[in-house]
Amino acid sequence: MSLPNEVVMSMETPDPALKEVVSAMPAWASADRVDAEYISGGITNRNYCVRVDGEPFFVRLAGEETEVLGIDRNNERSAVEAAAAAGMGPGVVAFLPEHGCLITEWIEGAPVPPEDLQQRTMLDRLVRSIRAFHSCQKIPGTFSPFRVVEQYRESAESRGVEVPEVYWWLLERAREVEEALQQEPTDLRPCHNDLLNANFLLCGGRVMIVDYEYAGMGDVFFDLGNLSVNNDFDEDADLTLLEFYFDAATPPRLARLKLMRLMSDFREAMWGVMQQALSSLDFDYVDYANQHFARCRKHAEDERYQVWLREAAEGT
């Protein structure tokens with residue numbers, strides 16, 4: 001099916017896959033005007049703001065073989081629906097699995113720079129949204145950073161990508177962390193698992209969270225550690241984060257957050273390794289992986305690491 005002549009794609013090089021999506025949406029295909037603007041910054045998918053007779057929508061076209069990254073698009077849709085029901089995410093407009101496409105409401109909001117999250121008011125707003133998602137009913141899929149780094153390594157090697165030697169040293173640390181956390185395991189809750197500041201939008205007095213492709217049932221401390229390390233939280237910000245989330249920042253809770261900061265960087269590094277075999281986007285995944293490997297190793301060599309293991313094993 002082709003686009004009707006009336007539809008205007010305002011890109012110099014229209015994306016054929018996007019044109020197919022527009023054609024597959026009856027109300028869009030019959031619209032007087034459709035304009036599409038590419039949203040730069042994505043390093044997995046191709047994202048667009050599509051305006052249909054002036055009304056904006058967010059359109060995500062899945063990247064190559066993203067299922068190898070542990071992404072299940074059906075699960076993503078369910079997570080977005082749960083977040084929308086909780087009032088802290090966009091609503092689903094359409095899900096077109098045959099086109100690898102998810103269409104959601106367009107959220108008008110301001111970006112939230114990492115430095116703003118060091119402010120108590122902004123961090124409190126974000127934590128309220130994170131807790132709202134963690135309090136949702138069970139969603140499909142599970143997420144374990146411990147299994148993900150192993151799966152990424154196996155998939156990368158099977159595609160001819162050389163895994164850096166530091167992986168094996170970090171894998172030993174990951175097994176130590178997993179053993180410590182299993183002494184007092186936490187209940188699995190709906191988790192986002194990709195809390196980059198690019199996924200936050202300030203809308204009035206609420207921080208909305210977008211991009212749920214890695215969401216699944218998991219350990220809330222991974223979300224907290226992921227948020228902390230992705231946004232360069234210092235010691236005070238980590239304590240404030242735990243106070244807002246739990247009402248108290250106990251040593252075992254702080255230890256679990258610190259250990260999950262390590263696992264967040266390990267996962268992110270291996271994600272970069274895996275993307276070297278998959279993605280055709282113009283992005284330096286080798287450098288991305290190396291930066292996260294370096295920060296992960298630095299965190300694991302912190303003089304407090306053994307203390308974190310002991311205190312994390314005490315539970316929360």
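The values are calculated or read from the model by the stated rules, or taken from the named source; none is laboratory data. Source: prediction; values computed, not measured. Heads up, the Cβs are rebuilt from the backbone with ideal geometry, glycines too, and the neighbour counts pull from every protein chain shown.
Scanning the range 39-90 for residues that are hydroxyl-bearing (Ser, Thr, Tyr) and in a strand (DSSP E or B) returns a single hit, TYR48.
For the range 86-111, filtering for residues that are in contact with a Gly (Cβ under 9 Å, 6 or more places away or on another chain) and over 25 Å from ALA277 (Cβ atoms) leaves 4.
If we keep just the residues of the range 66-85 that are modelled with pLDDT under 95 and among the hydrophobic types (A, V, I, L, M, F, W, C), which is farthest from GLN276 (Cα to Cα)? Result: ILE71.
Being in a helix (DSSP H, G or I) and either farther than 18 Å from LEU188 by Cα or of a type in the set (D, E, K, R) (or both) is a property that GLU108 lacks. Please find, within the range 180-197, the residue that is farthest from PRO114 (Cα to Cα) out of those that are surrounded by fewer than 17 Cβ atoms within 10 Å (Cβ to Cβ) and of a type outside the set (Asp, Glu). Here the residue is GLN183.
Whether any residue in the range 296-310 is within 20 Å of the chain's Cα centre (by Cα) and either free of Cβ contacts under 8 Å to residues at least 60 places away in the same chain or not in a loop (DSSP other than H, G, I, E, B) (or both) is what I want to check. Scanning the range 296-310, I find at least one residue that is within 20 Å of the chain's Cα centre (by Cα) and either free of Cβ contacts under 8 Å to residues at least 60 places away in the same chain or not in a loop (DSSP other than H, G, I, E, B) (or both), so the answer is yes. The set of residues from the range 184-198 being touching a strand residue (DSSP E or B) at 6+ places or on another chain (Cβ under 9 Å) and closer than 16 Å to ARG131 by Cα comprises LEU188, ARG189, PRO190, CYS191, HIS192, ASN193, LEU195. The selection criterion, being modelled with pLDDT of 95 or more and out of contact with any Cys (no Cβ under 9 Å at 6 or more places or on another chain), does not hold for TYR285.
On inspection, GLU213 qualifies as acidic (Asp, Glu), closer than 21 Å to ARG73 by Cα and in contact (Cβ under 8 Å) with a residue 24 or more places away in the chain.
For VAL148, the test of being assigned by TED's automatic domain parsing to the domain that holds ALA215, crowded, with 16+ Cβ neighbours inside 10 Å, touching a helix residue (DSSP H, G or I) at 6+ places or on another chain (Cβ under 9 Å) and modelled with pLDDT of 95 or more is passed. Among the residues making up the range 170-190, a single one is aliphatic (A, V, I, L, M) and touching a Cys at 6+ places or on another chain (Cβ under 7 Å): LEU170. For the range 106-127, the candidate set comprises residues that are surrounded by fewer than 17 Cβ atoms within 10 Å (Cβ to Cβ) and free of Cβ contacts under 8 Å to residues at least 60 places away in the same chain; within that set, the residue that is nearest to LEU201 (Cα to Cα) is TRP106. Just to verify a result, which residue in the range 232-253, among those that are within 19 Å of ARG297 (Cα to Cα) and touching a residue at least 24 places away in the same chain (Cβ under 8 Å), is surrounded by the fewest Cβ atoms within 10 Å (Cβ to Cβ)? It comes out as ASP234. Checked across the range 201-211, the condition of being of a type in the set (Gly, Ala, Ser), at pLDDT below 95 and assigned by TED's automatic domain parsing to the domain that holds GLN119 holds for at least one residue. ASP116 meets all of the listed conditions (1) under 19 Å from SER228 (Cβ atoms); (2) modelled with pLDDT of 95 or more but one, namely (2). Residue by residue through the range 214-229, note down the ones that are in a helix (DSSP H, G or I) and out of contact with any Pro (no Cβ under 8 Å at 6 or more places or on another chain). Correct list: VAL220, PHE221, ASP223, LEU224, GLY225, ASN226, LEU227, SER228, VAL229.
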